[in-house]
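A quick write-up on the structure given underneath.
The values are calculated or read from the model by the stated rules, or taken from the named source; none is laboratory data. A quick note: this is a predicted structure, and the numbers were derived from the prediction, not measured. Every residue, glycine among them, receives a Cβ derived from its backbone with ideal geometry; neighbour counts consider all protein chains shown.
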Amino acid sequence: MSNNDVSILDCNWDLCPVSASWFGYRPSLPMNAIFLAIFTIACTAHVFLAVRYKTQGFGICMSIACFLEMSGYAGRILAYTNPWSLPAFFIQINGVGLAPTFFAAGIYLCLTRIVIAYGAGISRVQPKVYTYFFVICDIVSLVIQAPGGAISSVSASQGKPPILGAYIGLSGICFQVLALSIWLGLGVEFAFRCKKVGIGAWDPKYDMLRTSWRFKAFLVALGIATAALYVRSVYRIAELSGGYTGHLAKDELAFCILEAVMIAVLSLVTAAFHPGYGFGEDYALITEQKSSYPRPWKRHAFFMKDLKSEEVLIELRGQHKSFVRTDGV
């Protein structure tokens, strides 16, 4: 805790060393100001792009995530003045801790459209599985992590190390990493299936889309964002294994590189190579095609092989293009 048995709640610059604070160090003002500016720019960009390209789901997830990051780094800036500040500690652990859950949800939403762009029939599971299953997993992760932050706040307000809350939050992040690993596995498996069937079996409606540099850049950006999120999540597991006041949690350089930089890269590349820009005019068409699939928990609606017996070809009004409708209409 602090020297001379002073409660951490009573600590200040005169009574306690900074190593006895909630952070274990005095947060760097320049570093946190830079990241606050980055996430403010990213948040503004994602809000604008969501309106520009009408990507509501992706835009909402990314905008909320960026806003939470902004609040987290604002809390760290407050802690520069007083690293024993409970409000600053609360704001940081909840803002920086919960934001990646919304980033993950945004990333999960992209795979459905990628699958449709190459050919839903190639996929093992029908497109909506990628949306519903993994967004539900993300909600579960959030539901686990949020009480962890609340319990940590209560413990800290009593002057106690927030150990229990940290472990609850850790379990939520572990679940998130598991879900992200499964999502990556399905994405890689779909890529191998596309390669196995060959280009001739890919959906011809989206030939121009797949060969465009914008779409290819989007895929690369999504890969970078996913890798950054994965690195951050693994770091977070290692960090919280020692609690919010453990050794790794008090290493600001590790936090800067493995938390702040990773999430900053994620937020910026997904804005620079936004899915609305990457898919272009085909985004709306793919969205309409996606809506034609039944919810995956309906009978015979999870795997593509179960849907093929119910295929119905329909023509999109005004598009002069068609896609396979699978809801039995």
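Assorted remarks:
Residue-wise test of (1) surrounded by 14 or more Cβ atoms within 10 Å (Cβ to Cβ); (2) touching a Cys at 6+ places or on another chain (Cβ under 6 Å); (3) among the small types (Gly, Ala, Ser).
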position	(1), (2), (3)
ASN12	no, no, no
LEU15	yes, no, no
ASN32	yes, no, no
LEU36	yes, no, no
THR44	no, no, no
PHE48	yes, no, no
LYS54	no, no, no
GLY57	yes, no, yes
ILE64	yes, no, no
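- When ILE91 is tested against (1) surrounded by 24 or more Cβ atoms within 10 Å (Cβ to Cβ); (2) touching a Ser or Thr at 6+ places or on another chain (Cβ under 6 Å), exactly one condition is not met: (1).
- From THR44, THR81, residue being hydroxyl-bearing (Ser, Thr, Tyr) and within 30 Å of ILE286 (Cβ to Cβ): THR44
- Of all the listed residues (SER28, SER71), the sole one being small (Gly, Ala, Ser) and farther than 18 Å from VAL261 by Cβ is SER71.
- Taken as a whole, the structure places ILE77 among residues that are more than 28 Å from THR131 (Cα to Cα), buried (at least 17 other Cβ atoms within 10 Å of the Cβ) and β-branched (Val, Ile, Thr).
- Meets criteria (modelled with pLDDT of 95 or more and in a helix (DSSP H, G or I)) for ALA99: yes
- Qualifying positions in segment 197-233 - more than 15 Å from PHE279 (Cα to Cα), exposed (fewer than 15 other Cβ atoms within 10 Å of the Cβ) and in contact (Cβ under 8 Å) with a residue 12 or more places away in the chain: VAL197, ALA201
- Residues in segment 191-244 that are polar (S, T, N, Q) and within 27 Å of ALA179 (Cα to Cα): THR226, SER233, SER241.
- Considering THR270, THR245, the condition of being touching a Gly at 6+ places or on another chain (Cβ under 8 Å), buried (at least 17 other Cβ atoms within 10 Å of the Cβ) and under 15 Å from GLY106 (Cα atoms) is satisfied by THR270 alone.
- Among residues of segment 279-329 being over 30 Å from TRP213 (Cα atoms), assigned to a helix (DSSP H, G or I) and acidic (Asp, Glu), the one that is modelled with the highest pLDDT is ASP306.
- Segment 149-246 holds helices (runs of 4 or more DSSP H) entirely within its bounds, and those carrying 1 or more residues that are farther than 25 Å from PHE58 by Cα map to 163-197, 213-240.
- Qualifying residue in segment 78-87 (condition: within 18 Å of GLY149 (Cα to Cα), among the polar types (S, T, N, Q) and either at pLDDT 95 or above or assigned to a helix (DSSP H, G or I) (or both)): no
- Some residue of segment 125-148 being more than 17 Å from the chain's Cα centre (by Cα), over 30 Å from ARG299 (Cα atoms), of a type outside the set (A, V, I, L, M, F, W, C) and in a helix (DSSP H, G or I): yes
- Hits in segment 145-173 (condition: over 30 Å from ALA191 (Cβ atoms) and among the aliphatic types (A, V, I, L, M)): ALA146, ALA150, ILE151, VAL154, ALA156, ILE163, LEU164, ALA166, ILE168, LEU170
- Residues in segment 88-128 that are aromatic (Phe, Trp, Tyr) and in contact with an Asp or Glu (Cβ under 7 Å, 6 or more places away or on another chain): TYR108, TYR118.
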